[in-house]
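Everything below concerns the one structure shown next.
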Protein chains: 2
Amino acid sequence: MGTAAVATAKEVFDLLHHDLLAIEREFGRDAVSTVAAITEITGYLRESGGKRLRPSLLLLACRSLGYSGSAMHRLGAVVEMVHTATLVHDDIIDGAELRRGRPSPNTTWGNSRCVLAGDWLYMQAFRVALNERNFRVLELLIGLTQVMVEGELLQAEKLGRPVSESEYNELIYRKTACLFEVSMRLGAVLAGADRLTEECLAEYGHALGLAFQVVDDVLDLTSEEAILGKPVASDLREGKATLALVHALAHATAEEGEAILQVLADGAFTQFRYQDVLTILDRHGSIDFAMDVARKHAERARRSLDCLPESEYKRALLWVPDFVVNREK
Amino acid sequence: MGTAAVATAKEVFDLLHHDLLAIEREFGRDAVSTVAAITEITGYLRESGGKRLRPSLLLLACRSLGYSGSAMHRLGAVVEMVHTATLVHDDIIDGAELRRGRPSPNTTWGNSRCVLAGDWLYMQAFRVALNERNFRVLELLIGLTQVMVEGELLQAEKLGRPVSESEYNELIYRKTACLFEVSMRLGAVLAGADRLTEECLAEYGHALGLAFQVVDDVLDLTSEEAILGKPVASDLREGKATLALVHALAHATAEEGEAILQVLADGAFTQFRYQDVLTILDRHGSIDFAMDVARKHAERARRSLDCLPESEYKRALLWVPDFVVNREK
């Protein structure tokens, strides 16, 4: 596939500009309740930005198949609401203090209100989706949220302990790739795509989601707080083993392995420094390994688009994996 | 309406025995996940009993209209799952330590797991309901959960402060009566009832639910821990003003009013004893007032059944308000 077939960031931005504005309006209308606390919390999260990657995928899936009805704006808002609901509950569970460079909602509104605001957002997402009167849409969304919630519980069971590569893959599928996949599937469903086309787009979302989360986990280790909008090495501080760590553990000396396991178990840099861990990862090329895995997922995502007819939307979809792999936050 | 038209407890129990067993089996099948923590938490809650009042209402609504299909067992399990999900999240929010005489799940599994287990139960309820392929069923359930979640948030806003009688009524509608109402409506929907009949049954559920919660709140003030399965006066300890308190505040002397407001604001019996509050309530007949209100709701529930044809199921529905008002826990 020549690079000429791939769009630029500017092209993609221009291409989706009006659709994304329509989704923001929809999200803004949906996330309003007669109960002030809900409107405040959801408004706070809505305004804190986020890349709107999931709605963008849904839009591109629709438009690449020639669909341009307003249901894609409504369901675009729905996938962003589901995403936002998971963030609210995850921040409570992780005891997070920062999200996108601002205090996470639990620090401002307390855990109780945030449990309920997250519940409400899930319900609101389902309610808006229900208006489409499409059982398949509901099935995808309800199945998705269960996979994600179960994933969070699996993750909680594994905190402080090493995981295998396949366990890691399952965790990031549930955490991220599943929602990417469903966003693409919803686009296919709205466009009335045949099952084969839907599976191609699902494969794209799945592979892209894995790439996204592997890179997210690498950035958590290698970036800076000012760029991430939250403390660096948050995963280690929560006792979460990510791909570079899994790789390092498989290649480390006994002494190095002990150090990594100790940091995981402590969920803190008390006995070893953050720099000590980075040195071990560096020595075994573990960050490079993880980035190679991400690039392979990205390539698999691109290849899965062969089923699509040529269009500027397909060009945009081809660009997204590059963006995901090369991003800085 | 003569008493001959009203069933006895034994008759109602025998009448629903097989249907309730079918619902238990359904609930047992539904509340299982590949993630162990979910199956453990939901199993714990399922086995801790509970009166299964909501599924019983759904069954009686169905059968009083001549419906006896298996969907009533599936949706019976659904309303109990929704109820259970709200209990799990409420116990986190209230910081409860006991539920039905046993440690509340958050004390055993921690808040994080319980947030997620509650999420999962909501989703599972929707997933099972989705299988009925009936948009109206989904609309009722999703709307219901939002009303309940918003109610919990409204309640949180009012902790430590007095409320008006109409605010109290809104809170208990959202907390309890709405689910009673929806249980009755779902029965009507399954039975294919006309809109007028559905509204009669909805009115019954609504009034019965108000009666139930008013009595629940009275029992919280007047019963004993051994009977309630949780500490007496939990509401006051959480800063919740219930109907007897609302009444007392409207009739109390300035000094008595100060005492009640202080207990509410403290959410504890530090400056005044529990017995002091009871004495004030007693002096103004506030418990009797609340029980009178409950009896009026119960009477309204019974009257709303005039639309139903005579049957043993109608007789059972006529008995439930008596049971609700005269129960000891």
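Here, each number is a calculation from the coordinates, and none is a lab measurement. Note that the structure is a prediction, hence the values are computed from the model and not measured. So basically every Cβ, Gly included, is an ideal-geometry build from the backbone, and we count neighbours across all protein chains shown.
At a glance:
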read-out	value
Per-residue HN-Hα couplings for the stretch A:13-22 [Karplus 6.51, -1.76, 1.60; θ = phi - 60°; Hz; x = Gly/Pro]	4, 4, 4, 9, 3, 5, 5, 5, 4, 4
Centroid-to-centroid separation of the stretch B:54-86 and the stretch A:4-68 [C-alpha atoms, Å]	39 Å
Label geometry 7 Å along the beta-carbon vector: residue A:170 inter-copy distances in nm	4.6
Cα point-scatterer Debye curve for the stretch A:242-329, base-10 log of I(q)/I(0) at q = 0.19 Å⁻¹	-0.84
Rounded to 10°, Cα long-axis angle of helix B:254-266 versus longest principal axis of chain B	60 degrees
Where Rh is the Kirkwood radius over Cα pairs, Rg/Rh for the stretch B:1-138	1.02
Extension gain from residue B:274 to residue B:226, taking 0.36 nm per residue of separation minus the Cα-Cα distance	15.6 nm
Rg in Å to one decimal, and Dmax rounded to a whole Å, for the stretch A:54-97 via C-alpha atoms	13.9, 43
P(r) histogram, all alpha-carbon pairs of the stretch A:181-220 included - 5 Å bins from 0, percent	6, 27, 24, 15, 12, 8, 5, 2
For the stretch A:41-161, with +1 on Lys and Arg beta carbons and -1 on Asp and Glu, the positive-most of A:71, A:151, A:121 along the dipole	A:71
Estimated translational D of the stretch A:171-329 in µm²/s (Stokes, Kirkwood radius over Cα pairs; 25 °C; 0.890 mPa s)	146 µm²/s
DSSP-loop chymotrypsin sites (Phe, Trp or Tyr not before Pro) across the stretch A:176-277, with at most 10 other Cβ within 10 angstrom	none
Simple label model, 7 Å out from Cα along Cβ direction - residue A:70 to residue B:136, nm	2.7 nm
D (Stokes-Einstein, µm²/s), Kirkwood Cα radius, the stretch B:104-218, 0.890 mPa s at 25 °C	156 µm²/s
Nearest-first distances (nm) between copies at residue B:267, label 7 Å from Cα via Cβ	2.4
Binned Cα-Cα distances of the protein assembly as shown, short to long, each 20 Å bin given as a whole percent	18, 46, 29, 8, 0
For A:325, B:189, order by how many other beta-carbon atoms lie within 10 Å, fewest first	A:325, B:189
Exposure proxy ranking, count of Cβ atoms within 10 Å, fewest first, for B:54, B:283, B:74	B:283, B:74, B:54
Relative contact order [Cα under 8 Å, 6+ residues apart], chain B, whole percent	21 percent
Per-residue ³J(HN,Hα) for the stretch B:165-181, Karplus 6.51 cos²θ - 1.76 cosθ + 1.60, θ = phi - 60°, Hz, x for Gly and Pro	5, 6, 5, 4, 5, 5, 4, 6, 4, 5, 6, 10, 5, 4, 6, 4, 4
Top of B:61, B:156, B:85 by mean-square fluctuation, Gaussian network on chain B, Cα under 10 Å	B:156
Nm distances between copies for residue B:285, ranked from closest, using label points 7 Å along Cα→Cβ	8.9
GNM flexibility winner over chain A from A:275, A:155, A:124 (Cα, springs under 10 Å)	A:275
Peptide-level mean, for B:122-134, of C-beta atoms on other protein chains within 10 Å	4
Viscosity 0.692 mPa s, temperature 37 °C, Stokes-Einstein D of chain A from Kirkwood C-alpha radius, µm²/s	161 µm²/s
Highest-fluctuation residue, B:244, B:233, B:265 considered, GNM on chain B with Cα pairs under 10 Å	B:265
Other-chain or far-sequence residues with amide H under 5 Å of residue A:99's (modelled H)	A:104
Inter-chain Cβ neighbour average for residues B:140-146, partner chain, 10 Å	5
Helix-only [θ]222 nm of the protein assembly as shown, DSSP H runs n ≥ 4, -39500 (n - 2.57) each, per residue, nearest 500	-24000 deg cm²/dmol
For the stretch A:58-72, Karplus couplings with θ = phi - 60° (6.51, -1.76, 1.60), whole Hz, Gly/Pro x	4, 4, 5, 4, 4, 5, 5, 9, x, 8, 9, x, 6, 4, 6
Ascending count of other beta-carbon atoms within 10 Å, so fewest first, for A:284, A:73	A:284, A:73
